[in-house]
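The values are calculated or read from the model by the stated rules, or taken from the named source; none is laboratory data. Because the structure is a prediction, the values reported are computed rather than measured. Positions of Cβ are generated from backbone atoms using ideal geometry, with glycine treated the same way; all protein chains shown enter the neighbour counts. Calculation scope for accessible area: heavy atoms of the full protein, side chains included, ligands and nucleic acids excluded. Shrake-Rupley method; radii C 1.70, N 1.55, O 1.52, S 1.80 Å.
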Amino acid sequence: MLRRHFLRAAAGLAAGAALAAPIAAQAQEPFKIGLILPMTGQSSSTGRQIEAAVKLYMAQKGDVVAGRKIEVIVKDDTGSADITKRLAQELVVNDKANVIAGFGLTPLALAAAPIATQAKTPMIVMAAGTAIITEASPFIARTSFTLPQFTAPMAEWAARNGIKKVVTLVSDYAPGLDSAKTFKEVFTAAGGQVLDELRTPLRSPDFSPFLQKARDLKPDALFLFVPSGQGAQLIKQTAEREFDKAGIKIIATGDVTDDDQLNDMGDVVLGMVNSHHYSAAHDSPENKAYVAAFKAANKFRPNFMSVGGYDGMHLIYEALKKTGGKGDGAALVEAMKGMAWTSPRGPISIDPRTRDIIQNVYIRRVARGADGELYNMEFETVPNVKDPVKEAKK
Ligand code: PHB
C-alpha cells in the first residue's frame, strides 16, 4: 500500500511537480456515503432503525477501509420523493458523495435512481422493496428485500395448510400491489381462490371500512401487507373486528408484525403466521451478537429495516476493499455483484445478474419469548430465495 502510494507520487513528480500534490491528496480523501432516510414523518422508525445499524456497523468495524476514512452524511427526506431527489443531487454534486444509500420507501428510491445513473454513483437500497427498483438504474444494489420474495412463500404456506379462500388487503402503492399480485398468482396456481383484493391509502389510513368488507366476504383467511410503521394500527383495528370469532385467520408479511412495533400490539397478535427475511428472534450466533450489541447501543430492539442498513454498510465496506480503496462507481458496483456473507438474518448474497438480494425466507408465528417480549418465531425456512418477478423475466 505504502509502496504503491510512493510509486504513484513519484510518477506524478516525473510527469511534472504540479501533478504530485493532487494525486497525494486524492489518496487521503474521505470516502463519503450520503445516507438519505425518512428521519421524521410517517416512516421515521425506518430512518431511526437504519441510522442506528449504520452507526453500530462502523463502531464494530472501524471507520477506515482500504486506507480511506469513511464519512457518513445523514439527510432527512421526511418521506417526500421531491426532497429525496434534491438531497441525492446535492450529495453527489456538492458533497461529492461516493455512494448514496438508504431509501425508506419505494417512491423515494425511484426518485433518486436517475441521479445515480447520471452521476455513475452506486446507490444502495437498504429499505424499499418493490421488485422493479433494481431495474431503475444499473448503479443500484439492494440489501433489503423484495415484496414478491417473501409473499410467494406465504401464499404457498397458506395453500398447503388448509386455506382455500383469501381476501388480500394491502397499502395502495407499488409494494402493496407487488404483494397482492404475487399472492394471487401463487395462491391460485396452488388451487386457492382470492375473493377480493382490497387497497388502503398509504397516508394516514383508516383500515376499518376495508376490514369490514373483508369480514363480510367470509374468507378462510385475510392476507395483510402494510409498510413498516403501520402494523400496530392495522392490528389494533383488525382485533376490533374479531375475525377469530368469524373463523377467519389473519396471515401477513412480516412488515405487519414488525419487531419495532410488535410489543405494542399485545396478545391479540399471538399465533399470527407471517413470512419475512428477518426476526430479532432468528436463532444464530451472528444474530444473537447483533441483537445484544444493537440493544446495548440503543434503547430499542432491531427490526428488519436495521439489517438492511447493517448489511448495506457491509456491502460498501467489502466492495471498497476489493477495489483497493478506489471510489470509481462502476468498479464498486462490479465488486458488489456476487458478494456473499452471513448476515444476522442468515446467509445472503447479491445476485450478480440483477444486483438484488438473495436470502432465506422464514415462516414465523408470533409468540412470547423467554424475556416476556413478543417475537416472530421462525418454524419453516425457504432457502436462498431470489426475487420471483425478475426470475420470471429471465
Ligand atoms: C417500500 O416502500 O418499498 C416499503 C416500505 C416499507 C416496507 C416494505 C416496503 O415495510
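Projected onto their three principal axes, the Cα atoms of region 136-218 cover extents of 46, 34, 15 Å, largest first. Distance from the Cα centroid of region 226-241 to that of region 133-155 is 24 Å (rounded to whole angstrom).
Across all Cα atoms of region 42-160, the radius of gyration (one decimal) and Dmax (whole number) stand at 15.6, 54 Å.
Under the classification rounded if a/c is under 1.5, otherwise prolate if a/b is larger than b/c and oblate if not, where does region 332-389 fall, given a ≥ b ≥ c as square roots of the Cα gyration tensor eigenvalues? Kindly include the intermediate steps, with their values, before the conclusion.
Values: a/c = 3.83, a/b = 2.31, b/c = 1.66.
It is prolate, given that a/c is not under 1.5 and a/b is the larger ratio.
Each principal axis of the Cα cloud of region 68-116 was taken in turn, and the coordinate range along them, longest first, works out to 32, 17, 13 Å. Can you work out D for region 192-282 in µm² s⁻¹ from Stokes-Einstein, where Rh is the Kirkwood radius over C-alpha pairs, the temperature is 10 °C and the viscosity is 1.306 mPa s? Approximately 117 µm²/s, per Stokes-Einstein.
Kirkwood hydrodynamic radius of the chain, from the reciprocal of the average inverse Cα-Cα distance over all distinct pairs: 21.7 Å.
So for region 65-200: antiparallel DSSP bridges make up what percent, rounded to the nearest 5?
Of those bridges, close to 5 percent are antiparallel.
Think of a 1.4 Å ball rolled over the protein heavy atoms: region 236-394 then has 40 Å² of accessible area per residue.
Working from Cα pairs under 8 Å separated by at least six residues, relative contact order for region 178-330 is 16 percent. About the centre of its Cα atoms, region 86-175 shows a dipole size close to 220 debye [charges on the beta carbon of Lys, Arg (+1) and Asp, Glu (-1) only; nearest 20 debye]. Counting only the Cα atoms, region 258-394 fills a convex hull of 126 Å³ per residue.
Mind checking the alpha-carbon convex hull of region 94-141 and giving the volume per residue in Å³?
Dividing the Cα hull volume of region 94-141 by its residue count gives 65 Å³.
Enter the Cα centre distance for the pair region 166-210 and region 252-311, rounded to the nearest angstrom. Taking the Cα centre of region 252-311 as reference, the centre of region 166-210 is 23 Å away. In region 235-292, the inverse of the mean reciprocal separation of distinct Cα atoms equals 12.8 Å; this is its Kirkwood hydrodynamic radius.
The Cα atoms of region 287-363 cover 38, 29, 16 Å along the three principal axes, with the biggest extent listed first.
Antiparallel beta bridges, as assigned by DSSP with both residues in region 252-373, represent about 85 percent of the total such bridges. Suppose a student asked you for the relative contact order of the chain, using Cα pairs under 8 Å spaced at least 6 residues apart; what percent would you report? Across the chain, relative contact order equals 16 percent. Over the chain, with every protein chain in place, what whole percent of the accessible area is carbon and sulfur at 1.4 Å, could you tell me? Carbon-and-sulfur percentage of accessible area, whole number: 54.
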